[in-house]
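Novice: Input: one structure, supplied below.
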Amino acid sequence: MKRPDTRVCASAGTRSAWWIRSLCAAAVLVLSAAGSLGALAAEAPASSPIGLSVLTASDLAEKTTAASSREPGELVVFNRSIMTFRVPLLGVSAPDRARRTRANLDRLLDRAGPGKLEVRAESLGNFVMLDGALALIVTPGDVDAVEAETLDQATQDAVARLRQVIDETRESRDVSSLLRGALKAAGATGVFIAGLLLFAKARRAFGSALASAVHRRADRLRLAGAELLRRDQLAAGMRVGTLALHWLLALALTYEWLSFSLSVFPFTRPWGEQLQGYMWGVLLQVGGAILQAIPNLAIAVLIFLLARAVVAMLRPVFDNIELGRGSAGWLDRDTVAPTRRIASALIWIFAVVMAYPYLPGAQTEAFKGVSVLIGLMISLGSSSVVGQGASGLILMYSRSLRRGEFVRIGDHEGTVTEVGLFMTKIRTGLGEEVNLPNALILGTPTKNYSRAVKGVGYIVDTTVSIGYDTPWRQVEAMLLEAARRTNGILYDPTPQVFQTALADFYPVYRLVCQAVPEVPRLRAEVLNALHANVQDVFNEHGVQIMSPHYMADGEQPKVVPPDRWFAAPAQRGSQVGAAPDASRSHGSEPATPAP
């Protein structure tokens, strides 16, 4: 088979590519012309019926000239900016002035003359002469109005930059200077490579030391017996961190090597100076921001230190009151704990509010957004929180509840263990701990069994109903005997019996006692022992308890004789509320009542 001529194929492909490039160029020219016409049409007077006007060739030339006359032209020679032309001169636009001046300077610099510069003041502006030839013209319109410089200042700046270009041009023709620059660049490259190798070796050594330290101390990173971070996760995070630090240092070293290498050669020196200037500009900006923030940060730290000093100054006062060594009017042992917390919170909130304007970044949009978010969250969720907190403060400072008191709140009865800002905890006699919202407590009638007592302790009471055929004196004596037998009941004050009602079928007797506060016995246990002793005493004397309702007299009295008290499966010695001994006397023992 005859092979195709590759030269023909290549020629055809070349011609096809040439046609494609020609079509693309034509399309770009058409789009550019259309864009120019559209922009010029947008500037047409509004008097045209369709918003456009017919442009002649002279009009288009005038508009193009006017547009180009407003465009500045930067004069760049040997990669260094000399000055910026801002206005036309003798019909030549600023960009054309820059191009012509650059060509003129290149021609003058190629002469390699002595490089003598002088300035002549003419009617058009200041003429800068190089070796007796006109190098450039600085007109009053070229002065930068933003920097408020004068014509002479602009001229002197241009002359200084031009002098630097002349020196760098001579240096570029000096072989020895170029060799010294090459040696410097080679030395910098060697240092750069050594630095990269050193960074890599330091990263490996540091990573190994860090991994061993993590392996040794990973067991300490535990909370409530649970491992916060696994060893493999912590080791992976350390590797990523050290690798990121290594690359950051390598990039910084690369940046410094590149800027130094470029600055040793005359032609690339402006690029190296720009790199160094950018790096130093960033460092100066960051350092300036840090230095600028130090005074405000010092003021904020001083405010926080003053707040801490005030809290520390109030601490001994609160400690003395809490230990019972003194009081301050309305402030006592019951209200000192919430007062301490409220005072500390108010002091620190005031300190934060005062120090907020001095914190770094407080005026940024991010800080403002966070402040708005926090304010919105507080406003949306603070209604119930504020209500509960206010209820807690009312309970604390009204002293309606105290720790250790036995109370009944609604259907819950128990000992108060904590009165918090939002919740109150009570512990029942059945081994339960109930958390009650403070707002609920304020809206519910509360019975306090520990307030109307002599000293400390709580009230224990029980009610029985006995028929009218039993003398009330005997009933009172038996109830007092049951109280006397109950371990944990005080003799002083002595128990009392009240006839609270004379119902249709029976009187109602209520026994009221005060429990022993020193004995760690819950009210439910004391009440259980008291009820057991009441049954025993009434059975001993053959008196029938008619509680809760008296219906009719039976043929036989409903009592339990003593020989049946320990019927199976009961065992002797298992009765609740054994008779007290002489060592538990807490007051004067009452006389044994007569039956």
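The values are calculated or read from the model by the stated rules, or taken from the named source; none is laboratory data. Computed from a predicted model, the values in this text were never measured in an experiment. As a convention, Cβ positions derive from the backbone with ideal geometry for all residues, glycine included, and neighbour counts pool all protein chains shown. In case anyone asks, the SASA skips ligands and DNA or RNA and just uses the protein heavy atoms, side chains included. Shrake-Rupley method; radii C 1.70, N 1.55, O 1.52, S 1.80 Å.
Novice: Going through A252, A202, A209 one at a time, which residue ends up being under 30 Å from V191 (Cα atoms), at pLDDT 70 or above and surrounded by fewer than 11 Cβ atoms within 10 Å (Cβ to Cβ)?
Specialist: Working: A252 fails: surrounded by fewer than 11 Cβ atoms within 10 Å (Cβ to Cβ); A202 fails: surrounded by fewer than 11 Cβ atoms within 10 Å (Cβ to Cβ).
Checking each option against the conditions leaves just A209.
Novice: Out of the range 123-143, which residues are open to solvent by less than 40 Å² (accessible area, probe 1.4 Å) and under 17 Å from G73 (Cβ atoms)?
Specialist: Once the filter is applied, which keeps residues that are open to solvent by less than 40 Å² (accessible area, probe 1.4 Å) and under 17 Å from G73 (Cβ atoms), the range 123-143 yields G125, V128, A135, L136, I137, V138, T139, G141, D142, V143.
Novice: For the range 108-122, does any single residue satisfy the condition of being without any contact (Cβ under 8 Å) to a residue 40 or more places away in the chain and surrounded by 14 or more Cβ atoms within 10 Å (Cβ to Cβ)?
Specialist: Our first condition is that a residue be without any contact (Cβ under 8 Å) to a residue 40 or more places away in the chain; within the range 108-122, this holds for 108, 110-111, 113-114, 116, 118, 120-122.
Filter once more, so that each one left must be surrounded by 14 or more Cβ atoms within 10 Å (Cβ to Cβ): 108.
Checked the range 108-122: at least one residue is without any contact (Cβ under 8 Å) to a residue 40 or more places away in the chain and surrounded by 14 or more Cβ atoms within 10 Å (Cβ to Cβ).
Novice: State all residues of the range 62-79 that are modelled with pLDDT under 85 and either in a loop (DSSP other than H, G, I, E, B) or out of contact with any Ser or Thr (no Cβ under 6 Å at 6 or more places or on another chain) (or both); if no residue qualifies, say none. Outline the logic, then answer.
Specialist: From the range 62-79, those modelled with pLDDT under 85 are 62-70, 78-79; that's our starting set.
Those that are modelled with pLDDT under 85 and either in a loop (DSSP other than H, G, I, E, B) or out of contact with any Ser or Thr (no Cβ under 6 Å at 6 or more places or on another chain) (or both): E62, K63, T64, T65, A66, A67, R70, F78, N79.
Novice: Filter the range 157-178 down to the residues that are small (G, A, S) and without any contact (Cβ under 8 Å) to a residue 12 or more places away in the chain and list them by number. Step through it out loud before you land on a result.
Specialist: Kept after step one, since they are small (G, A, S), are these residues of the range 157-178: 158, 160, 172, 176-177.
Passing the criteria: A160, S176.
Novice: Sticking with this structure for a sec: Within the range 263-295, track down each residue that is open to solvent by less than 40 Å² (accessible area, probe 1.4 Å), more than 28 Å from the chain's Cα centre (by Cα) and free of Cβ contacts under 8 Å to residues at least 24 places away in the same chain.
Specialist: S263, G272, G281
Novice: Are any of the residues in the range 375-384 closer than 30 Å to A309 by Cα, at pLDDT 75 or above and under 32 Å from the mean Cα position of the chain (by Cα)?
Specialist: Within the range 375-384 (the criterion being closer than 30 Å to A309 by Cα, at pLDDT 75 or above and under 32 Å from the mean Cα position of the chain (by Cα)), the answer is no, since none of the residues qualifies.
Novice: Mind checking which pairs have a first residue in the range 179-190 that is touching a residue at least 24 places away in the same chain (Cβ under 8 Å) and under 19 Å from A252 (Cα atoms) and a second that is in a helix (DSSP H, G or I) and polar (S, T, N, Q), Cβ under 6 Å, 6 or more apart or different chains?
Specialist: A185/S261; A188/S261
Novice: Limited to the range 346-374, what total is found for residues that are open to solvent by less than 80 Å² (accessible area, probe 1.4 Å), modelled with pLDDT of 75 or more and either touching a strand residue (DSSP E or B) at 6+ places or on another chain (Cβ under 8 Å) or closer than 27 Å to V310 by Cα (or both)?
Specialist: Residues flagged as open to solvent by less than 80 Å² (accessible area, probe 1.4 Å), modelled with pLDDT of 75 or more and either touching a strand residue (DSSP E or B) at 6+ places or on another chain (Cβ under 8 Å) or closer than 27 Å to V310 by Cα (or both) within the range 346-374 amount to 8.
Novice: Does at least one position in the range 163-183 carry a residue that is over 30 Å from R107 (Cβ atoms), modelled with pLDDT of 80 or more, in a helix (DSSP H, G or I) and out of contact with any Ser or Thr (no Cβ under 9 Å at 6 or more places or on another chain)? Outline the logic, then answer.
Specialist: To start, the set of residues in the range 163-183 that are over 30 Å from R107 (Cβ atoms) comprises 183.
Imposing the further condition that a residue be modelled with pLDDT of 80 or more reduces the set to 183.
If we keep only those that are in a helix (DSSP H, G or I) too, we end up with 183.
If we keep only those that are out of contact with any Ser or Thr (no Cβ under 9 Å at 6 or more places or on another chain) as well, we get 183.
Yes, that holds for at least one residue.
Novice: Another question about this same structure. I'd like the full set of residues that are within 60 Å of the chain's Cα centre (by Cα) and either closer than 17 Å to Q544 by Cα or modelled with pLDDT of 85 or more (or both), limited to the range 462-505.
Specialist: T462, T463, T486, N487, I489, listed by residue number.
Novice: For the range 266-277, indicate whether the set of residues that are in contact with a Lys or Arg (Cβ under 7 Å, 6 or more places away or on another chain), β-branched (V, I, T) and modelled with pLDDT of 80 or more is non-empty.
Specialist: Just the residues of the range 266-277 that are in contact with a Lys or Arg (Cβ under 7 Å, 6 or more places away or on another chain), to begin with: 270.
Next, from what is left, pick out any that are β-branched (V, I, T): none.
No; the residues of the range 266-277 include none that is in contact with a Lys or Arg (Cβ under 7 Å, 6 or more places away or on another chain), β-branched (V, I, T) and modelled with pLDDT of 80 or more.
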